[in-house]
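Okay, so here's the structure we're looking at.
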Amino acid sequence: MPFIQGEQNVTAGSAYAAYRAAVAKLQDDVTAYAQGATGQTAPVYFLIYQTTWGIRVNKNVALAQLDLCKKDPHFVMTSPCYHLEFAADFLHLKNIGYMKLSRYQGRVLKTMALDKKRPKFVTMKAATVRGSQLSIRYDVPVFPLVLDTVGLALTTDYGFKVQDVGGDVAISNIT
């Protein structure tokens with residue numbers, strides 16, 4: 001089941017644990033209803049995206065969405081949203097953005113239903129600091145991992161941000 005939701009929870013200041021528990025309960029409730037109504041034994045999988053709305057002020061929802069996809073087999077990440085085309089309110093997507101999101105959802109659905117595989121997505125595995133150098137290791141399902149400067153708009157530091165206890169840390173180079 002495609003599940004596109006979370007922006008209002010960001011605006012409302014939802015806590016990580018509360019949002020994660022509420023969405024997990026909703027998935028359980030939908031599965032119970034579907035199984036009762038149809039007799040199916042399989043769970044209902046939630047194909048979710050990772051919201052970017054308001055992430056600078058409340059990252060709880062985005063982190064809970066990622067965590068659900070990493071740790072709960074009933075949730076599958078279809079795509080983050082940062083690279084999709086947003087409407088002027090920066091909350092809703094433009095029609096082309098929703099079309100692209102639906103294609104990601106379709107690809108995930110096909111991989112699960114027809115190929116009988118759980119799709120993987122790019123995730124950070126580890127980060128290490130040596131002097132002034134930060135190295136990040138990623139789990140990359142399809143190589144190579146690239147910094148896309150053609151298909152995506154140029155973003156400051158390619159969207160990376162580093163902070164320490166003193167605040168933002170300047171990034172001098174990304175490779």
Any residue that is more than 12 Å from the chain's Cα centre (by Cα), among the acidic types (D, E) and surrounded by fewer than 15 Cβ atoms within 10 Å (Cβ to Cβ) - is there at least one of those in region 2-18?
no
Scan (1) open to solvent by less than 80 Å² (accessible area, probe 1.4 Å); (2) modelled with pLDDT of 90 or more; (3) part of a loop (DSSP other than H, G, I, E, B) for the single condition K117 breaks and write down its number.
(1)
Determine which single condition K70 fails, assuming it passes every other condition in (1) open to solvent by less than 60 Å² (accessible area, probe 1.4 Å); (2) touching a residue at least 24 places away in the same chain (Cβ under 8 Å); (3) assigned to a helix (DSSP H, G or I).
(1)
Just to be sure before I move on: is Y45 on the phi < 0 side of the Ramachandran plot, open to solvent by 20 Å² or more (accessible area, probe 1.4 Å), in contact with a helix residue (DSSP H, G or I) (Cβ under 9 Å, 6 or more places away or on another chain) and among the hydroxyl-bearing types (S, T, Y) in the structure I sent?
yes
Out of the residues in region 130-173 that are open to solvent by 100 Å² or more (accessible area, probe 1.4 Å) and assigned to a strand (DSSP E or B), state the one that is modelled with the lowest pLDDT.
Q163
Subset of region 73-92 [open to solvent by 20 Å² or more (accessible area, probe 1.4 Å), within 17 Å of N9 (Cα to Cα) and touching a Phe, Trp or Tyr at 6+ places or on another chain (Cβ under 9 Å)]:
P80, F90, L91, H92
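The values are calculated or read from the model by the stated rules, or taken from the named source; none is laboratory data. This is a predicted model, so every value here is computed, not measured. Methodologically, a virtual Cβ is constructed for each residue, glycine included, from the backbone with ideal geometry; neighbour enumeration extends over all protein chains shown. Remember, those area values only see protein heavy atoms, side chains included, never the ligands or the DNA or RNA. Shrake-Rupley method; radii C 1.70, N 1.55, O 1.52, S 1.80 Å.
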